[in-house]
Amino acid sequence: MTTDSSLSVQLVRNATVLATIDETTFLVDPMFAPQGEMPTVTDNPAVPESLTTANQRRNPLVPMPDVDLSYDAVVVTHRHPDHFDEAAKAELEADVPLFCQPEEAQAFTDEGFTDVRPVDDETSFDGVTIHRTPGRHGHGDLAEGMGPVSGFVFEGDETLYIAGDTIWYDPVEQTLDRFDPDMVVLNGGEAQFEQGEPITMGVDDITAVRNATDATVAVVHMEAINHCLLSRDELRSETADVLVPEDGEQITP
């Protein structure tokens, strides 16, 4: 694809993306485990013990694509294993600039990372302004149990909003209004347990975002983790003007 855009996003797998703003590339939510080497999501300590899933497939469901993982900094929206796993912890250089939620900064430091940069509101890196934005990982008590999550807005010549693990709710709409991004990346898959409502975006959430912005809207976090039940084909057939990239695919506004 030929483009004059200074912004591009390459989906690696699940929520792992390489986001390039101007000439700076951020590796977002690295999950590097080989296919099947992580347990089902309900076997992870971040998930309340009362929750069950419709299947017990081991994660990730798909292998890593052949992608050049070159980047200048790392951003972690939250520390659930499908966004930051043991394989990533082992592979990342200890001194990589690592941006995260304030609540999780100490955990990264304890793991040996030496350049942890918690984002309270906004910061900058290599000429790119980084804003942390709100997220709600589900509905009601279940969202509370899933712990804090964040999105991030990256401002350079163009603006990218990576919403993170969130449903559609007022702060997402307010973020769109405030920053008027050129591209929005949503975590879809309509991840859910057998108890409660979905904890990531489904068709209705994604349609609400599509209707609220003129930005390019792309959806990731699909077909890689066992509780993400909404398929790419289903999402494509039920939405319009929404990009649903395959693993390894690069997109621009």
Quick check on the stretch 48-60. Is at least one of its residues free of Cβ contacts under 8 Å to residues at least 60 places away in the same chain, open to solvent by 20 Å² or more (accessible area, probe 1.4 Å) and either in a loop (DSSP other than H, G, I, E, B) or out of contact with any Cys (no Cβ under 8 Å at 6 or more places or on another chain) (or both)? yes
Anything in the stretch 24-46 that is in contact (Cβ under 8 Å) with a residue 12 or more places away in the chain, part of a loop (DSSP other than H, G, I, E, B) and farther than 16 Å from Phe152 by Cβ? List them, or say none. Met31, Phe32, Ala33, Pro34, Gln35, Gly36, Glu37, Pro39, Thr40, Asn44, Ala46
Whichever residue in the stretch 1-22 is in contact (Cβ under 8 Å) with a residue 24 or more places away in the chain and open to solvent by 30 Å² or more (accessible area, probe 1.4 Å) and, among such residues, is farthest from Glu249 (Cα to Cα): Asp22
Condition first: open to solvent by less than 60 Å² (accessible area, probe 1.4 Å), touching a strand residue (DSSP E or B) at 6+ places or on another chain (Cβ under 7 Å) and touching a residue at least 40 places away in the same chain (Cβ under 8 Å). Can you find one or more residues in the stretch 141-148 that meet it? no
Would you mention how many residues in the stretch 158-195 are surrounded by fewer than 18 Cβ atoms within 10 Å (Cβ to Cβ), within 26 Å of Gly145 (Cα to Cα) and not acidic (Asp, Glu)? 4
Name every residue in the stretch 1-41 that is of a type in the set (D, E, K, R), closer than 14 Å to Val185 by Cα and touching a strand residue (DSSP E or B) at 6+ places or on another chain (Cβ under 7 Å), in order of residue number. Asp29
How about the stretch 194-253: which of its residues are part of a loop (DSSP other than H, G, I, E, B) and of a type in the set (A, V, I, L, M)? Ile199, Met201, Ala215, Met222, Ala224, Ile225, Leu229, Leu230, Ala240, Val242, Val244
Within the stretch 104-122, can you find the residues that are under 27 Å from Glu86 (Cβ atoms) and open to solvent by 50 Å² or more (accessible area, probe 1.4 Å)? Gln106, Thr109, Asp110, Glu111, Thr114, Arg117, Pro118
Enumeration of residues in the stretch 210-234 that are in contact with a strand residue (DSSP E or B) (Cβ under 6 Å, 6 or more places away or on another chain) and within 20 Å of His139 (Cβ to Cβ): Val219, His221, Ile225
Here is a list of conditions, (1) open to solvent by 30 Å² or more (accessible area, probe 1.4 Å); (2) farther than 22 Å from Glu23 by Cα, and Glu249 meets all of them except one; can you say which number that is? (2)
Sort out which residues of the stretch 143-163 are within 19 Å of Leu186 (Cβ to Cβ) and assigned to a helix (DSSP H, G or I), and write them in order of number. Ala143
For the stretch 91-103, give me each residue that is in contact with a strand residue (DSSP E or B) (Cβ under 6 Å, 6 or more places away or on another chain) and open to solvent by 30 Å² or more (accessible area, probe 1.4 Å). Pro102
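The values are calculated or read from the model by the stated rules, or taken from the named source; none is laboratory data. What you see is a predicted model; the values in this text were computed from it and never measured. Virtual Cβ from ideal backbone geometry, glycine too; neighbours counted across all protein chains shown. Ligands, DNA and RNA are stripped out before the accessible areas are found, and what is left, the full protein with its side chains, is counted by its heavy atoms. Shrake-Rupley method; radii C 1.70, N 1.55, O 1.52, S 1.80 Å.
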